[in-house]
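Encoded as structure tokens, the structure appears first; notes follow it.
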Amino acid sequence: MTQQDDATHEQDMTLTNRQGHPITNNQNLRTVGNRGPATLENYDFLEKMSHFDRERVPERVVHARGAGAHGYFETYGVVGNEPISKYTRAKVFQDKGKKTPVFVRFSTVIHGGHSPETLRDPRGFAVKFYTEDGNWDLVGNNLKIFFIRDALKFPDMIHAFKPDPITNIQNVERFFDFCASSPETFHMVTFVYSPWGIPANYRMMQGSGVNTYKWVNSEGKAVLVKYHWEPLQGIKNLTQKEAEEIQQKNFNHATQDLYDAIERGDFPEWELHVQIMEDGSHPELDFDPLDDTKLWPNDQFPWYPVGKMVLNKNPEDYFAEVEQATFGTGVLVDGLDFSDDKMLQGRTFSYSDTQRHRVGANYLQLPINAPKKRVATNQHGGQMMYKRDLAPGQNPHINYEPSMLNGLKEATQAGKEYTPYIEGNLVRESIDRQSNTKQAGETYRNFEQWEREELLENLIRDLSVCHEDIQSAMIALAQEADEEYGRLLKEGLHNAKKDSSASKPLGNIHGDQAPQDAMNKGHDAEPY
């Protein structure tokens, strides 16, 4: 080998294009003379630029701003003093001490991919368990309830909370117009406008499955279940003023906090708790257990710790792992099942549908989404398919089932199949026992004094710029929830100044003054 050959020989760190061709000049286009023009056959440039033009997949409509990490879930194998197998045959929960790999994505909900992490907003808390039976996704939020109880209302709710379609600025009057017109939102509004609406970071916030699910045991018996993640780091929330002070310094603070903690070996941990209820409508309760705007009282339905999650590894590439990570409420393994919760069933369609739109028909072949076990399907084709899901020895000509020509076969049912009896007329009706404000009053009374004061201050600031009809409706809901809550909200709105704008993020202090402040404080400059 000559000295020249050795100088240009490809090494492990040699830059190539996607075809594997070594790149010898990554600084200059091929041109006629060094001033140009460029020639059309600049293949390396065309490949590089055309990929750059496509670097982004469609942004999530909700939960666009996210951070993530890898870790494991360790099961305790029990529910209280009983073996967990009494309630579920899901393998992920059996055998005390067994560890299952997980990937977690935390997020804010309403705003875009690089919006501040200090905004008043629920936070997403989605966990992907790579179990021996395939993936299980537990998709939820930091808050344990939701705004609405019927999935048909979800697009309208998000439209109201998103920026105005004309100004592209979030507008508090639009937010409260929807909430005042939808009384079931009042409990969630009480949480979101309190300090619980701005968690200090991702490590020190709770998580919840929000919806009601079912566990199924080996005999085919089912119970209703709610999931709760409790941070072992403790819980910390922020006031609006504190959040805005942090935002002035760093609008990525929660992502940085999570990344830095894992890098220094301070691995965040959460304990998974469940509440269990016999399957049924429970007419003795003043709420429906399937209503996701309600909490299950823990004095009636205790929390049982069933395992612990530890996050101990940061992503190696944000886009490949965090941005392309996909979750769905329908991703359940044997021993876990759906309840009849209407919101859950709506989410189960929407989540997987949006992943196919964002990432493509074969999104489950991406490493971050693929199960860590064998996969054998008859699915074929679609954008970005890069392999067939063939079983060892499978006849590759057979991509259908049933077949007598060495194609794939159905699995044997593990345990007795769960077969609930369902009866009723097909109707378009809201559930009974709505009780839209009772738990909001209980939540208000359970807040510490400073939390109640912060809640009222934030509500008064934003409602003061809303239409009088909206104010009256929100006051009526607060009065129904708690006498003091309603009285202080009414008094505060009566005395509030009405000289600010509704075009601002939820709870924001004087944000509508920022355009004028920028003009007043701007420094004059001469053109150049």
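Remarks
- Yes/no for Gly415 being open to solvent by less than 40 Å² (accessible area, probe 1.4 Å) and more than 29 Å from the chain's Cα centre (by Cα): yes
- Residue in region 80-88 that is basic (Lys, Arg), farther than 29 Å from Thr255 by Cα and either outside any loop (DSSP other than H, G, I, E, B) or touching a residue at least 12 places away in the same chain (Cβ under 8 Å) (or both) present: yes
- Test: residue in region 46-61 that is small (Gly, Ala, Ser) and crowded, with 23+ Cβ neighbours inside 10 Å: no
- Any hit, region 393-402, residues being open to solvent by 100 Å² or more (accessible area, probe 1.4 Å), of a type in the set (D, E, K, R) and farther than 30 Å from Pro297 by Cβ: no
- Single residue of Ala514, Ala525, Ala518 found to be closer than 26 Å to His111 by Cβ, without any contact (Cβ under 8 Å) to a residue 40 or more places away in the chain, open to solvent by 60 Å² or more (accessible area, probe 1.4 Å) and small (Gly, Ala, Ser): Ala518
- Subset tally (residues that are among the acidic types (Asp, Glu) and in contact (Cβ under 8 Å) with a residue 40 or more places away in the chain) for region 253-276: 4
- Of the residues examined, His70 is one that is part of a strand (DSSP E or B) and open to solvent by 20 Å² or more (accessible area, probe 1.4 Å).
- Residue match in region 106-127 (condition: among the polar types (S, T, N, Q), open to solvent by 10 Å² or more (accessible area, probe 1.4 Å) and either over 17 Å from Asn201 (Cα atoms) or touching a Gly at 6+ places or on another chain (Cβ under 9 Å) (or both)): no
- Residue match in region 190-199 (condition: farther than 20 Å from Pro116 by Cα and either in contact with a strand residue (DSSP E or B) (Cβ under 9 Å, 6 or more places away or on another chain) or surrounded by 24 or more Cβ atoms within 10 Å (Cβ to Cβ) (or both)): yes
- For region 496-507, the set of residues classified as closer than 23 Å to Ile246 by Cβ and either free of Cβ contacts under 8 Å to residues at least 24 places away in the same chain or surrounded by 21 or more Cβ atoms within 10 Å (Cβ to Cβ) (or both) consists of Lys504, Pro505, Leu506, Gly507, listed by residue number.
- Screening Leu344, Leu332, Leu408 for residues that are hydrophobic (A, V, I, L, M, F, W, C) and either open to solvent by 50 Å² or more (accessible area, probe 1.4 Å) or in a helix (DSSP H, G or I) (or both) leaves exactly one candidate, Leu344.
- Of everything in region 21-69 that is of a type in the set (Gly, Ala, Ser) and in contact with a helix residue (DSSP H, G or I) (Cβ under 9 Å, 6 or more places away or on another chain), the residue that is farthest from Arg264 (Cα to Cα) is Ala38.
- Close pairs (7 angstrom Cβ cut-off, 6 or more residues apart or separate chains): charged (D, E, K, R) in region 417-439, part of a loop (DSSP other than H, G, I, E, B) and open to solvent by less than 40 Å² (accessible area, probe 1.4 Å) anywhere: Glu417/Gly220; Asp432/Asp288; Arg433/Phe287; Arg433/Asp288
- Taken over region 30-67, residues that are assigned to a loop (DSSP other than H, G, I, E, B) and not aliphatic (A, V, I, L, M) amount to 18.
- Given (1) within 24 Å of Lys294 (Cα to Cα); (2) open to solvent by 100 Å² or more (accessible area, probe 1.4 Å); (3) assigned to a loop (DSSP other than H, G, I, E, B), index of the condition Ser435 fails: (2)
- The set of residues in region 154-181 that are surrounded by fewer than 21 Cβ atoms within 10 Å (Cβ to Cβ), of a type in the set (S, T, N, Q) and at negative phi comprises Thr167, Ser181.
- Subset tally (residues that are surrounded by 23 or more Cβ atoms within 10 Å (Cβ to Cβ) and not hydrophobic (A, V, I, L, M, F, W, C)) for region 463-487: 1
- In the set (1) surrounded by fewer than 22 Cβ atoms within 10 Å (Cβ to Cβ); (2) farther than 30 Å from Asp482 by Cα; (3) in contact with a Phe, Trp or Tyr (Cβ under 9 Å, 6 or more places away or on another chain); (4) touching a residue at least 40 places away in the same chain (Cβ under 8 Å), the condition left unmet by Trp215 is number (1).
- Tally, over region 256-306, of residues that are part of a loop (DSSP other than H, G, I, E, B) and of a type in the set (A, V, I, L, M, F, W, C): 8
The values are calculated or read from the model by the stated rules, or taken from the named source; none is laboratory data. Values in this document were obtained by computation on a predicted structure and should not be read as measured data. Heads up, the Cβs are rebuilt from the backbone with ideal geometry, glycines too, and the neighbour counts pull from every protein chain shown. Remember, those area values only see protein heavy atoms, side chains included, never the ligands or the DNA or RNA. Shrake-Rupley method; radii C 1.70, N 1.55, O 1.52, S 1.80 Å.
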